[in-house]
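Below: the structure, in structure tokens.
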């Protein structure tokens with residue numbers, strides 16, 4: 001199994017913060033390291049906690065407060081600190097916050113300004129291109145990337161994503177190959193390339209690539225699960241079990257990994273070892289904890305009661321858009337709920353995400369014309385801007401992901417109405433598919 005990238009770069013945070021002034025390139029490298037490693041995230045959190053006691057200028061403290069909070073997902077604190085920042089670094093952080101929130105057009109504006117002011121920072125151009133792609137402007141994204149340093153792996157990763165969004169799969173795979181060639185630790189590029197090799201039935205190449213995906217981020221977890229499925233298909237159950245356990249080390253509550261681990265173990269007529277059984281029992285016990293056991297605000301408690309959310313298990317079935325679409329439920333209540341779940345190692349939407357990923361994995365393993373259509377990117381439907389933004393909020397990447405949603409799921413999303421619903425149904429109908437039937 002691949003080693004955790006945190007072993008190879010155990011001091012990435014400390015190394016990048018050793019300089020007296022934090023640069024744009026260092027901020028983006030920090031973001032990549034933290035997103036890919038739990039240990040790096042903890043290291044950055046520790047530096048944020050100790051920031052007030054550091055002997056640096058007030059301007060540098062403000063910059064670090066904004067950057068650290070953004071990277072750690074504390075957007076309101078990051079926004080507050082970024083108001084005191086001058087120039088391109090403020091644009092970079094504000095654009096990054098907007099991109100992480102799914103506010104594509106705002107991200108395009110801020111990251112475009114940052115990229116223009118930082119012509120020698122290839123990762124800034126890559127971030128700008130990512131925003132353009134998510135905003136449905138992939139051709140513009142490719143033009144931005146053509147002007148960037150072609151020796152940067154992230155530039156080629158974003159090229160791959162932009163080409164993939166246009167349905168140019170072969171060209172995107174070539175870009176992903178170049179990204180991996182430039183940086184063997186580019187987890188996202190290795191995973192996307194492996195995914196397409198997997199779809200094509202090139203198992204040997206897919207296995208090799210999945211093994212290149214290191215770290216503790218989502219790409220690593222998904223790579224280990226997909227690798228385990230491929231190895232299980234080859235009757236290599238011991239290696240498949242090891243892959244699922246690696247995935248669970250990085251994400252102990254990943255239901256998909258738990259399910260496939262159980263399947264692989266049962267295929268060997270074995271049982272869970274005692275520690276795995278205890279972990280599963282522990283998670284089930286956490287999910288059964290009543291919401292009333294926690295000190296929540298009156299508004300949050302009343303909203304959850306009206307939504308019939310009685311336990312933490314009920315809570316993780318909800319997504320952020322579903323909660324925010326509910327009357328009187330705002331950002332303050334959302335933040336309170338997310339902090340509660342985080343304290344228990346849980347997150348909103350994890351139940352639906354796992355269902356969606358299981359369905360995607362099943363489609364990936366099946367053949368046939370219909371499943372080939374389900375595996376195609378959602379951009380193939382050529383939806384309107386409003387509908388595309390809804391797809392982004394719901395983390396819908398493929399047509400199959402969309403088919404797993406019901407009409408009620410879509411209508412519960414902010415700014416998605418009957419007109420958008422009719423458009424989605426029409427587009428799916430044209431290729432002989434439809435939305436999930438209501439429960």
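Each value in this text was obtained by applying a stated rule to the coordinates, not by laboratory testing. On a predicted model such as this, the values are computed, not experimentally measured, just so you know. Here Cβ is always computed from backbone atoms with ideal geometry, including for glycine, and neighbour counts include all displayed protein chains.
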Work out, step by step, the length gained on full extension between residue 397 and residue 149: first 0.36 nm times the residue separation, then minus their alpha carbon distance; give nm to one decimal. 86.5 nm
Starting with the highest mean, order 419-428, 234-243 by the number of other Cβ atoms within 10 Å, averaged over the residues of each peptide. 234-243, 419-428
Given an 8 Å cut-off on Cα distances and at least 6 residues of separation, report the relative contact order of the range 291-343 as a percent. 40
Residue-averaged [θ]222 nm for the chain, counting only DSSP H segments that reach four residues, each worth -39500 (n - 2.57): -20000 deg cm²/dmol
Value of relative contact order over the chain, rounded to a whole percent, pairs C-alpha under 8 Å and six or more apart: 9
Relative contact order %, the range 33-160, counting alpha carbon pairs below 8 Å whose residues are six or more apart: 14
With just the Cα atoms defining each centre, how far is the range 388-439 from the range 107-165? Give it in Å. 28
